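To keep things clear, I will list the structure first and then write my remarks on it.
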Amino acid sequence: MDPQLAEALSEVTTGIYVLTVSEGDRRHGMSSSWVTQVSGDPPLLMAAVDKRHFSHSLIERQGIFGLNVVGNKGKELEDYFFSAASRRPDNLESFAYELGKTGVPLLKLAMAVFECQVVASYPAGDHTLFVSSIVWAEVREHDRPVTSLDLPYVYVGTVIPRQRN
């Protein structure tokens, strides 16, 4: 990617989430920052997931995922799910979670959680946009959400160090 474009894209702020999936006995989470609300009536969320990521095929097959909002008190979630240690099919054993109504794992350290049912998907370059209805949601901790501005790196399709002044 052109360095000037990457720097400009790094200024587009995003929230930091852990997207969780489940299939059989397999439980997986991934760091996710390309998430946004796309409709108010009905309330719909969209998550962009890299087609090469392990979670992508599970979302396609299951049609559901959990979205865990990372707050300051739970920043260790981002630290772990961004790390190389999390890059394996079953990677939730380090964190307490419960299975939601749809069977997706919901992390207890998350400040808010959503259970999402995919209602549409759209190819978008090397990602798929999964538009989802909200099956269930809960605020667990009143905290400040972590954003891309809080991290020493930013994901713009590739990870780049954040330029600090």
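Anyone know which of Gly71, Gly103, Gly40 comes out most mobile in the 10 Å Cα GNM of the chain?
Of Gly71, Gly103, Gly40, the most mobile in the Gaussian network model is Gly40.
Pull out the extension gain between Glu76 and Trp136, defined as 0.36 nm times the separation in residues minus the alpha carbon to alpha carbon distance; nm, one decimal.
Difference between extended and current length: 19.2 nm.
Which cross-chain or sequence-distant (5 or more) residues have an amide H under 5 Å from the amide H of Gly100, H modelled 1.01 Å from N in plane?
Result for Gly100 returns Leu106.
What does the C-alpha gyration tensor say about the overall shape of the chain? Classify as rounded when a/c is under 1.5, otherwise prolate if a/b is larger than b/c, or oblate.
Verdict is rounded for the chain.
When a footprinting reagent is the concern and you count Cβ atoms within 10 Å, what order do Val69, Val35 take, fewest first?
The fewest-first ordering by Cβ neighbours comes to Val35, Val69.
Would you mind classifying region 28-91 by shape? Square roots of the alpha carbon gyration tensor eigenvalues, ordered a ≥ b ≥ c; an a/c under 1.5 is rounded, otherwise it is prolate if a/b is larger than b/c and oblate if not.
Numbers: a/c = 2.35, a/b = 1.24, b/c = 1.89.
Because a/c hits 1.5 or more and a/b fails to exceed b/c, region 28-91 counts as oblate.
Would you calculate the separation in nanometres between label points at Ile160 and Asp126, each defined as 7 Å from the Cα along the Cα-to-beta-carbon direction?
Taking the simple label geometry, Ile160 and Asp126 are separated by 1.4 nm.
Mind checking the dipole of the chain: about its Cα centre, +1 per Lys or Arg Cβ, -1 per Asp or Glu Cβ, Debye to the nearest 20?
160 debye
If I model a spin label as a point 7 Å beyond the Cα along the Cα-Cβ vector, how far apart are those points for Glu7 and Lys101 in nm?
The answer from the label model is 4.8 nm.
Read-outs throughout are calculated quantities, based only on the coordinates presented, and are distinct from any laboratory measurement. This structure is a prediction, so every number in the text was calculated from the model and none was measured. Backbone-built Cβ (ideal geometry, glycine too); neighbour counts: all protein chains shown.
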